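Colleague: Starting off with a structure, shown below.
The values are calculated or read from the model by the stated rules, or taken from the named source; none is laboratory data. Quick caveat: nothing in here was measured; it's all calculated off a predicted structure. Cβ: placed from backbone, ideal geometry, glycine included. Neighbour counts: every protein chain shown.
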Amino acid sequence: MEKKKKKTIPGWGRILILLAVLAVFAGTYAGLKAYNEKQAEENGSGTVMLSVNMSKVVSFTYELDGAVYTFTRDDSKSDWVYQQDPSLELDQDAVTGMLSTATAVSTDQIVAENLDQAAEFGLDDPSFTVTMVLKDGTVKTLYLGSVNAMTSDYYASVEGDGQIFTLNQDFYNAFTSAEELAEAPPALSSSSY
C-alpha cells in the first residue's frame, strides 16, 4: 500500500491566510468600535453644554409654576437651606440631585449656533430658568424655551454661550417645589401611643 502524501500549504500561502484572518479581526474591531460610539451617542453622552463643579455652587434659583425657589448653603455647612423658609427641613439628597442635573448638561442636538432665532425657539421669553452662583461670584444661567411638539424636548441655551440646543424633558422634570423637597416627618412608632 502506498502512503498518501499530505498536502502542505507553501510558506507564502500561510502568510496569505494569516493576513486574511488579521483583516477579518481588524474589520470586526472597526465595526464594534463604530457600534459602541453610536451607542454612547444614543445614551446621552453628547456635547457638553454646561459643566459646573457642584462643590463651588453656593446658591441656585429656579422658577416653577410661578413660584421662585432659592437654595443656599454656607461655606461652613454642607446643608442646603430654602431661602424663602429657612425653617423647612429639606431632603438634602433630593436638593443635591436637582443641582446635579443643573451642573452637568449635555445635548445630542445643537439646533442653532447663535441666538438670532431665539424667539422661534421660545428663548426670548424662557419658560424655565435656573441660575447658579459660585463661590467666586460667577453666575451660570440656563434657559429653557418652548417644547418641540415632535420630540417633547425643550429648546435651551446657556447665558454667554449663544448656541441653542435641545434638552430632554427629564431635565425640567428633575425640578420640584420646596414643599416636595421637605423631609418626611419621622414615622410614629407603636410605643408612642
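Colleague: Among the residues of region 79-121, what is the count of those that are within 19 Å of A156 (Cβ to Cβ), loosely packed, with under 13 Cβ neighbours inside 10 Å and over 22 Å from the mean Cα position of the chain (by Cα)?
Modeller: The total comes to 2.
Colleague: Any residue at all in region 154-163 that's more than 17 Å from the chain's Cα centre (by Cα), crowded, with 19+ Cβ neighbours inside 10 Å, at pLDDT below 95 and within 21 Å of A104 (Cα to Cα)?
Modeller: The answer is no, given that none of the residues of region 154-163 is more than 17 Å from the chain's Cα centre (by Cα), crowded, with 19+ Cβ neighbours inside 10 Å, at pLDDT below 95 and within 21 Å of A104 (Cα to Cα).
Colleague: Now a separate question. Identify all residues within region 48-69 that are within 16 Å of Q83 (Cα to Cα) and not hydrophobic (A, V, I, L, M, F, W, C); write none if there are none.
Modeller: Once the filter is applied, which keeps residues that are within 16 Å of Q83 (Cα to Cα) and not hydrophobic (A, V, I, L, M, F, W, C), region 48-69 yields S59, T61, Y62, E63, Y69.
Colleague: Just the residues that are polar (S, T, N, Q) and either touching a Gly at 6+ places or on another chain (Cβ under 7 Å) or exposed (fewer than 11 other Cβ atoms within 10 Å of the Cβ) (or both), please, taken from region 122-137.
Modeller: Within region 122-137, just S127 meets the criteria.
Colleague: Now, a different point. Determine the pairs where a residue that is in a loop (DSSP other than H, G, I, E, B), located within region 117-135, has a partner that is of a type in the set (K, R) with Cβ atoms under 8 Å apart, the partner being 6 or more residues away or on another chain.
Modeller: Final answer for the pair search is K135/K56.
Colleague: May I pose another question? Among residues belonging to region 46-78 that are in a loop (DSSP other than H, G, I, E, B) and at pLDDT 90 or above, point out the one that is nearest to the chain's Cα centre (by Cα).
Modeller: Within region 46-78, the match that is nearest to the chain's Cα centre (by Cα) is V52.
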